[in-house]
1. As an exercise: evaluate Ala89 against (1) at pLDDT 90 or above; (2) touching a Ser or Thr at 6+ places or on another chain (Cβ under 8 Å); (3) surrounded by 15 or more Cβ atoms within 10 Å (Cβ to Cβ) and give the number of the one condition it does not meet.
2. Based on what the data block shows, is Leu122 under 13 Å from the mean Cα position of the chain (by Cα) and hydrophobic (A, V, I, L, M, F, W, C)?
3. Being within 16 Å of the chain's Cα centre (by Cα), of a type in the set (Val, Ile, Thr) and more than 29 Å from Glu84 (Cβ to Cβ) is the filter here; which residues of the stretch 14-62 pass it?
4. Which residue, of Val154, Val96, Val63, Val73, is closer than 19 Å to Asp19 by Cβ and among the β-branched types (Val, Ile, Thr)?
5. Just the residues that are without any contact (Cβ under 8 Å) to a residue 40 or more places away in the chain and of a type in the set (Ser, Thr, Tyr), please, taken from the stretch 104-149.
Amino acid sequence: MANDARSNRSSIKEEKQYDERVVAVDRVARVVKGGRRFRFRALVVLGDGKGKVGVGTAKGADVTAAVSKATDVAKKSIVTVAIENDTIAHEQQARVGGSNILIKPAAPGTGLIAGGVVRVVLEVAGIKNALSKSLGSNNKINTSYATVSALSQVKSRKDWHLKSKTNEKATPKVKKVTEAKK
């Protein structure tokens, strides 16, 4: 019996590898002949605090069912974020639907200058210093997906492509050839 308790404890620790945050729970309805049928829609953001973040939304007959379904969707949509010195490497902008999110890196000690859903997404991703601006729609679902999209497009400094000196020397020669043809 003690063996079962130990295995149960280890499964609980495995389940909590992600920080799960329920951002919104909404009551939605569909109209049928006899009236309205109500369900619940949940928006869940989860992350490990080390650069992985996911967002999921789902509907269920009750709140707990909707939250658990949304958590499963979020786990399947996890993306990796390039975090350097508790911030992102460069500014990035993304748009989903009417939501347009701009995220900028910030100096150490600045903290998170973000509101609502964007703040939650950045916190669970493990970003401690960043600036953000929400442009356009303030729809929570589209804003969360736009934030994750922007974070997934951020490249680390070592992945930046810099021009080499050989390319800079080759470019003027090409221009001279095209001018000679005219």
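1. Result: Ala89 fails condition (1) only.
2. yes
3. Matches in the stretch 14-62: Val22, Thr57.
4. After applying the criteria, what remains is Val73.
5. Thr110, Ser132, Ser134, listed by residue number.
Conditions tested, residue by residue: (1) surrounded by fewer than 19 Cβ atoms within 10 Å (Cβ to Cβ); (2) touching a helix residue (DSSP H, G or I) at 6+ places or on another chain (Cβ under 8 Å); (3) modelled with pLDDT of 90 or more.
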position	(1), (2), (3)
Val118	no, yes, yes
Asn142	no, no, yes
Ala146	no, no, yes
Gln153	yes, no, yes
Ser156	yes, no, no
Glu168	yes, no, no
Thr171	yes, no, no
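The values are calculated or read from the model by the stated rules, or taken from the named source; none is laboratory data. Please read these numbers as outputs of a predicted model, since none were measured by experiment. So basically every Cβ, Gly included, is an ideal-geometry build from the backbone, and we count neighbours across all protein chains shown.
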